[in-house]
1. Can you tell me the equivalent ellipsoid semi-axes for the range 115-228? Use √(5λ) from the Cα gyration tensor, largest first, whole Å.
2. Using a 10 Å cut-off on Cβ atoms, rank the peptides 585-593, 121-129, 349-357 from the highest mean neighbour count down.
3. For VAL183 and THR707 in the same chain, what is the full-extension length gain: residue separation times 0.36 nm, less their Cα-Cα distance, in nm?
4. Order of 322-329, 257-264 by packing, highest average Cβ count within 10 Å first?
5. Under 5 Å between amide hydrogens, which residues at least 5 positions from ARG408 or on another chain qualify, with H placed 1.01 Å from N in the peptide plane?
6. In whole Hz and in residue order, list the ³J(HN,Hα) couplings for the range 583-599 that follow from phi through the Karplus curve 6.51 cos²θ - 1.76 cosθ + 1.60, θ = phi - 60°; x for Gly and Pro.
7. Students often get this wrong: which residues of the range 139-160 have the backbone nitrogen under 19 Å from the point 7 angstrom along Cα-to-C-beta of VAL482?
8. Please turn the phi angles of the range 117-131 into ³J(HN,Hα) values with the Karplus equation 6.51 cos²θ - 1.76 cosθ + 1.60 (θ = phi - 60°), one per residue in order, whole Hz, x for glycine and proline.
Amino acid sequence: MDTVSVTVLLLVLYLGGISNYTQKGLGTMGAPFQQLGMFLLNKAPAGVVDLFNDEDGRGSRTWMQFGIIWLVIAGVLGFLRAWHVYDPAALDSLSNIGWAWDDGSSMDSAIASTLKTALLYILVGGGLVAHSRACGGRLASESNASMVAMLLTTVPLVFLLIDFLTSLVGIDASMVFTVLGIVVKVALWSMMLVNIFITSSNREGPVSVPSWFLLLGLSTYVFGTIGSSLGEALGWTQTTWICDVLVDGWAPLALMFAVGYHVLSSVTKGPIWSGSLTKASMFLLFLTIPPFLLMPTDSDGTLLRNLAAILVTLGMLPVLAGAINMIATMRNDTSAVVKSPGALAVAAAAFLLPLYVILSFFFGLNVMVGDGSMSTLASHMDSSYLYTIGGLFALGALFHSYPLAASRDLAGNSSNWAVWLVIIGGVSYTAIGIMAGWVSDVTVGLEDTDGVIDAAAQLNLIGAVAFYAITIGFIIAANTVVRTLLVGTPRAAAAGGSSDISTYGLVEGSTSIRELLGRGVGLDTTLVIGESEDESEGGYTVIDVSSELHNDSVDEFPVKFDADLVALTEWLCSRGTTTAQFFAWADVDVSGEIDHYEFSNALRIADIADLPPWDLGKLVDVMDINGDGRLNLPELDIALLNIRNTLGIEFKANEAPEAPAAPEATEATDDDDSEEVDKPSDAALGKMKKAELVELAESMGLDAKGTKAVLVERISKA
């Protein structure tokens, strides 16, 4: 068998095993392997991983923080390269420190290395946010994820430094350090994959779409890195070419789709538009050759060259399918997309992606199987694709996913400026570069080329200015990330009526609003009626289960509740006191609402909590649905009922429930020997609903039949 067949066969078996394990697990061997994996993540290398924080979201943040550093460096280098194309003597003064500009290949290599690293780190960080939020809220080991990001950045630099020092003393150890670097790189990425797989095993429900793209994208990246290194060492040029396609084509696009689908479905609060297009963008991506960063094929066989050309042609389909699907997903809430800088960046990338894939196809195909006459244009399109499309998806992760991982609101108002600078600068740089390339090609075979050269120089100048906008956009993005981490407003933890479930599917059976609230559904959750599991595979937290399969003994959606609210719920249930009774007792001024003072007084007298004003304000905000700073009966009832149903707190319905000691301004009962609940005033009774009056009448041992007016009169005279 030739090297192409061997490589493709191994790739198919590898991706098939990854997909099967992700979907079905390892059966009875899953638990032992998971324990072994967690041991390796938390203990290896010994002592090093303990230096990193394991708080929720720390791993994702670390990846994006390193990525933004590389992104700024890549932006600055890209501008220097664009300006040097216009003025080749611009950097000659650096020769005084021993540096000289060559034919530009060194700068091109530095740009490609830093830009690809930046996009990889940021997109991986954004994908980790989507994956962790779909699988319980955190990675299996946040500290290990941070450690891997740190080591992947520092270890190659250390190897380069050691290689430089050894070369000074006449020792050539470059090959040794190259091999060590590849081994360490593969080991660290494999450790990252183990972390992601263990996180996936802790999920509830099906694997989300962003998780699939993250898993498959990083898996192919590891395979491609190993295969490319082996191909170069053994002289298997075809294997090297295929693995370069995996590393430069499949992996970046998969990570872009992971971030794009997550950001748009999260911001619009709805599922991904089309399950069919989602599957097409996923499966066809890993069966074709994307028309980006194509290299000439070294194969002499006509069959292989034609097959490669066909796969490149088909490679446009998954990219177009993904772009159309993301654009259509915006229809769930277009205004929210426009208001969110992260979603705006992703939406702009989705709109521009079809244009870039078509241009890259024509230029790249000429380089791969043609005469290579458009190599300059193809190289320009590859650079524009990474800076513009990749840069916009990176901004989407930084402006949406990073604040989620940091549990802070995005700081400042400059993020929109960064997005628009990258859009305008990227599109302008792409268009002007194409025109400059065509003008330069015109000079071939002409005798008088002065006018053409002048025109090309002017276009290169405008292109450099356009690229400057991209550089400034990246710098503004870095500044925004730093400000978000340092001065961003902290986000409150999920409690009470809040939930991380964006979409909840009801297939068949019956349920009630109270039951849904008790199972973790929030007030902003979208209820999808009649969707099947196959058709609603969108949104990073879609739960596609029949409502009749749920039961209160299953903790489907772990929600953290405030300890004081839990204590209040347990206290009321143990006494047999309803929420309506507690509300009427705490509402001293009979206004139909409980202010901060009344709620604090009630908690203090009931010996539940004696909170300072700032803590009490946070507690009220958890339940305050309409945001008026006060609590009405429905708000209090929803919050306490959610806690009661979720935690399974039993309500003891006594015939004569014990009433709490009355606050200072509450009317005392006339009968000192009675254990009856304090009766609300007539005004409070008139504001209560009939269901609440029925419940109150039953707790007082009264007849609960009749109209609302009859019940009010009966209770008031009791």
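1. On the way: eigenvalues 217, 34, 25 Å².
In descending order, the three semi-axes are 33, 13, 11 Å.
2. Numbers: 585-593: 18.1, 121-129: 31.2, 349-357: 21.1.
By packing density, highest mean first, the sequence is 121-129, 349-357, 585-593.
3. On the way: separation 524, 0.36 × 524 = 188.64 nm, distance 7.89 nm.
Value of the extension gain: 180.7 nm.
4. Details: 322-329: 22.6, 257-264: 31.6.
Answer by packing, highest mean first, reads 257-264, 322-329.
5. Excluding prolines and chain starts, which carry no amide H, the hits are ARG491.
6. 5, 5, 6, 7, 6, 5, 8, 6, 9, x, 9, 10, 8, 4, 5, 5, 5
7. Inside the label zone: nothing.
8. These are the phi-based 3J(HN,Hα) values: 5, 4, 5, 4, 5, 5, 5, 5, x, x, x, 5, 4, 4, 5 Hz.
Every read-out reported here was derived from the displayed coordinates using simple, explicitly stated rules and does not represent laboratory data. From a predicted model like this one, the values you see are computed outputs, not experimental measurements. As a convention, Cβ positions derive from the backbone with ideal geometry for all residues, glycine included, and neighbour counts pool all protein chains shown.
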